[in-house]
Structures are given as structure tokens and as C-alpha cells.
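Some notes on the structure that comes next.
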Amino acid sequence: MTALEPNEIIKLWPDGPPTRIEGVGAEASYLAPVGVAAQATMLRNVSEPTLSVFRPQKPNGVGIVVCPGGGWRILAWEHEGTQVVEWLTARGYTAFLLKYRVRGTPAAQADYEADMAKGMARLDLTRTAKNAFRSIGEIAGMVDGGPGDVLKEARAVAADDARRAVAIVRERAKQYDIDPAKVGMIGFSAGAFLVTDVAMEPKGAPQLAFVAPIYGGETTGKPVPADAPPMFTCIAQDDFLLYRVVEGLYSDWTDAGKSAELHIYRRGQHGFGMVKQGLPSDRWIEQFHEWLVDLGYK
């Protein structure tokens, strides 16, 4: 993990969250055994949501809430979290790493990995091209072996945590040397759905300045808000789970006349985050930064 330490860790709900996910055991960390991000640090059984504050040496007045992914079961804490924070703060952005609540998983690591393998084995990865998945609900239904109601609950809880995190950042904007009107979010996979959910339904709060749902996000068929923020997104074409879902998100945003930028890489797979694979997708964060600069957030 990065050697960068947070300046502060804030409990989102000091008196306890307004909602809860049942069956979540003791929080645990582990190293991903396989995949694009093998050996990266992951967290699971998160029930105490927090916001870690990382302040740059020379703040540029822009705050970014960073939301790791993990299918609402885990948090990809390193390559979609702390490494992103380190990159952003080196360029003057004040970063807030969100540890949001996730679904419960078996206490023993071996049992958890067996449970995940069983779920992934149910996925039909032959669904590509015109038959590719078009919503996260289709995927969740296969992995969970049911209608996906448990995922819906976890997704709603995560969005509640994210809205609370944004509210805290704005309330303390002066303390952190940022402009409350220049607060945006970036999220990965499940975290991408989370930031899109917040942009779609800010629930009475001011709209975000910008959003960057990375390899994930959807509107679920709802109208894109009139005040929807500019969006940056990217995906790899060999991400057979979500590349059509992300294309749909981009189309929904632009069909509504809203500003959006989409990068589709030929290769990269799902969950590349800050992992260097020697591919053009490695440059996604530089392209995100160039987009922020073009918007005036520099």
C-alpha cells in the first residue's frame, strides 16, 4: 500500500448509520489472490463507514471523493483507493477516500473465496457483442443466483454513505482549503455505480461539480437530471461484464445533452485501476486529469 497517511479519518455516522446491512462480521483485509490486481490490498465486511482525508502540500481548491469498487462485497482499497489518492494529491487535489458499507461475507478467508468462486462460475461469459450484459442487475442475478434484491439494498446503503461523505466535505470545505462548489467524485466498478447514483439522485443537496465513474455506472432507465454534472468514463472492450453498460451510460448522458467523455480501450479487462499492464489503458488517469484541467479544475 501507499506510504501516504491520511491527515484525518472521519466517522460518517458518529451515532450510527440510519440504515444497516445485516450479517456483516468483523472487518478484514487480505491480498487479492488472482486477477488484474493480484496481491493488491482488499477490505471486506465493512460496517463502520469512514472518510479518510488526504491533503496536498499545495491545494488547488478542488476536492475529490474517491470510491473503490468491489461488487458491494469488498473494497479494492489499494489500486482503486490509496494509489488513486496519492496520484491526485501530488497534483494539488484534496482527496477523500470513502470506506462505504458492503455486504457480509464468510468470516474465514477460504470460505469467502469458495463462495466467490461459486458465484463467478454462474456467470455466462459467452455473452459478448450484441448479447453482452446491459445492466448490473443481469450480472447480479447470475452471481447471487436470485433476483438481486440483496445487491439493491447494499447499493442503496453505499449511496447513502456517499451522500453523507459529500455533505461532510462541503461542510468542512474552508477547513480543507477547497471550494464547496468544486467537489466531485471518482469511483471504480461498484464505486462507479455509486457516484452515478449520487449524481442521478443528490436528494436535495447541490449537484456534484463532476463525476468520473470508471468501468461502471448506469441510469437504470431514469431521466438524467437537468443539472447533471460533466462526466468522464472509461472501459476496456475486453471487460465482458460492463463495457456495454458503460456505453449505455455514456449514451444516456449525451442523449440528455449533458457533457461526457468516454474512452474505450481495446484491452485492459475489468478492474485495472492503477495497475500498470503495459497497455494504453494505463494512461486513463492522465486522461482524467487532462479532462479536469479542460473543465478548469486544476
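Quick note: the coordinates plus some simple rules give every number you see, no bench work behind them. Predicted model, so just to flag it, every value in this text is computed and none were measured. Heads up, the Cβs are rebuilt from the backbone with ideal geometry, glycines too, and the neighbour counts pull from every protein chain shown.
What shape does the chain have by the C-alpha gyration tensor, where a ≥ b ≥ c are the square roots of the eigenvalues, rounded means a/c under 1.5, and otherwise prolate means a/b greater than b/c and oblate the rest? Spell out each step's value before the answer.
Values: a/c = 1.36, a/b = 1.16, b/c = 1.18.
Cα axes put the chain in the rounded bin.
Can you compute the modelled spin-label distance between Asp115 and Glu171, with each label point 7 Å from Cα toward Cβ, in nm?
If labels sit at Asp115 and Glu171, their model points lie 3.3 nm apart.
Show that you can apply the helix-only estimate: for the chain, add -39,500 (n - 2.57) for every DSSP H stretch of four or more residues, divide by all residues, and state [θ] at 222 nm to the nearest 500. Intermediate results must be reported in sequence, preceding the final value.
Numbers: 7 runs with 88 residues, N = 298.
Only helices count here, giving -9500 deg cm²/dmol.
So what J values fall out for region 105-117 if you push phi through Karplus, 6.51 cos²θ - 1.76 cosθ + 1.60 with θ = phi - 60°, rounded to Hz, Gly and Pro as x?
10, x, 4, 7, 4, 4, 5, 4, 5, 5, 5, 5, 4
Please find, in a Gaussian network model of the chain (springs between Cα atoms separated by less than 10 Å), the residue of Ala205, Ala132, Ala95 whose mean-square fluctuation is greatest.
Ala205
Between Arg267 and Ile9, with labels modelled 7 Å along Cα→Cβ, what's the label distance in nm to one decimal, could you check?
With each label placed 7 Å out from Cα toward Cβ, I get 3.9 nm.
May I ask you to derive the relative contact order of region 8-295, considering only C-alpha pairs under 8 Å and at least 6 residues apart, and to give it as an integer percent?
On the way: 591 pairs, mean separation 49.3, N = 288.
Contact order relative to length: 17 percent.
In what order do Phe54, Phe133 fall by count of nearby beta-carbon atoms within 10 Å, going from fewest to most? Walk me through the intermediate numbers first.
Values: Phe54 23, Phe133 20.
The most exposed by this proxy come first: Phe133, Phe54.
What number comes out for the charge environment of Ala140, summing +1 per Lys or Arg and -1 per Asp or Glu over other residues with Cβ under 10 Å away?
On the way: positive: Lys152, Arg155; negative: Glu138, Asp144, Asp149.
Once positives and negatives cancel, what remains is -1.
Which entries in Lys11/Lys182; Lys99/Lys203; Lys99/Lys258; Lys99/Lys130; Lys118/Lys222 show an alpha-carbon gap greater than 26 Å? The partial results should precede the final answer.
On the way: Lys11/Lys182 22 Å; Lys99/Lys203 21 Å; Lys99/Lys258 29 Å; Lys99/Lys130 35 Å; Lys118/Lys222 32 Å.
Cα-Cα > 26 Å for Lys99/Lys258; Lys99/Lys130; Lys118/Lys222; rest within.
Under 5 Å between amide hydrogens, which residues at least 5 positions from Ala236 or on another chain qualify, with H placed 1.01 Å from N in the peptide plane?
Under 5 Å from the amide H of Ala236: Tyr265.
Take peptides 228-237, 250-259, 67-76, 188-197 and line them up by average Cβ neighbours within 10 Å, highest first, as a rough protection proxy.
On the way: 228-237: 23.5, 250-259: 16.1, 67-76: 25.8, 188-197: 28.5.
Result, highest mean first: 188-197, 67-76, 228-237, 250-259.
Peptides 11-22, 261-272, 34-45: what's the order by average Cβ count within 10 Å, highest mean first? Display every interim value, and only then the final one.
Values: 11-22: 12.5, 261-272: 19.1, 34-45: 17.4.
Those peptides, ordered most packed to least, come out 261-272, 34-45, 11-22.
Give, as a single signed number, the net charge of other residues whose beta carbon lies under 12 Å from the beta carbon of Ile178, with Lys and Arg counted +1 and Asp and Glu -1. Intermediate results must be reported in sequence, preceding the final value.
Working: positive: Arg55, Arg170, Arg172, Lys174, Lys182; negative: Glu171, Asp177, Asp179.
Residues close to Ile178 contribute a combined charge of +2.
Within a Cβ distance under 11 Å of Gln237, other residues only, what is the Lys/Arg minus Asp/Glu net charge? Walk me through the intermediate numbers first.
Working: positive: Arg244, Arg266, Arg267; negative: Asp238, Asp239, Glu247.
Residues near Gln237 contribute 0 overall.
List every residue whose amide H lies under 5 Å from the amide H of Val65, counting only residues 5 or more places away in sequence or on a different chain, with H placed 1.01 Å from N in the peptide plane.
For Val65, whose amide H was placed from the backbone, the distant partners under 5 Å are Phe96, Gly184, Met185, Ile186.
Using θ = phi - 60° and the Karplus form 6.51 cos²θ - 1.76 cosθ + 1.60, what ³J(HN,Hα) does each residue of region 93-102 get, whole Hz, x for Gly and Pro?
7, 8, 10, 10, 8, 8, 9, 9, 6, 10
Ranked highest first by average number of other Cβ atoms within 10 Å, how do 78-86, 56-64 line up? Write down the numbers at each step before the final one.
On the way: 78-86: 24.7, 56-64: 17.6.
Sorting 78-86, 56-64 by mean packing, highest first, produces 78-86, 56-64.
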